[in-house]
Structures are given as structure tokens and as C-alpha cells.
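To start, the structure itself, in C-alpha cells.
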């Protein structure tokens, strides 16, 4: 899991708490700051998910290419034996 996902989730939760405290106390500045922190956390978490998806796709592509290379090598060896 990408560190941005973890850090983003922490900011999201901290922002929710701060926003809620602002609502309970009637502090609109704390509410706004908490909402902004929460939004920042959601964006950072999403960015981490994108990076994780890209890493996964790259690994899958690399694995597929390795399998195709191995299959090609087996085909060539088979042709050499037969030929």
C-alpha cells in the first residue's frame, strides 16, 4: 500500500474530527479548517490508490511479458528438436 494512501486516510480522519469539533463548539473556522484537511486527505488517498493501480498494472504487464517470452523460448527449443 502506498504511503500516500495511509497519510491521506490519517488526514481525512483528523479533518473529520476537527470539523465535527468545530460543529459542536460553533467554531466555523475550525469547521472550515477541518473540512479542508479532510478534502486534502481524500485527494492524497486517491493519489495513493492511483499509484498503487499503476504499480499493479506495471507488474501484471511485466509478468505477462515474461510468460510470453518463456513460451517463445519453449517454442523455439521445440522447433530445434524437431528440425
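Taking the stated definitions as given, is residue 69 assigned to a helix (DSSP H, G or I) and in contact with a helix residue (DSSP H, G or I) (Cβ under 6 Å, 6 or more places away or on another chain)?
Judged against the criteria, residue 69 is not a match.
With surrounded by 10 or more Cβ atoms within 10 Å (Cβ to Cβ) and more than 30 Å from residue 1 (Cα to Cα) as the only criterion, which of 29, 73, 18, 79 stands out?
73
All of the numbers you see were taken from the coordinates with simple rules; none came from a lab. Treat the numbers as computed from the prediction; the structure is a model and nothing was measured. So basically every Cβ, Gly included, is an ideal-geometry build from the backbone, and we count neighbours across all protein chains shown.
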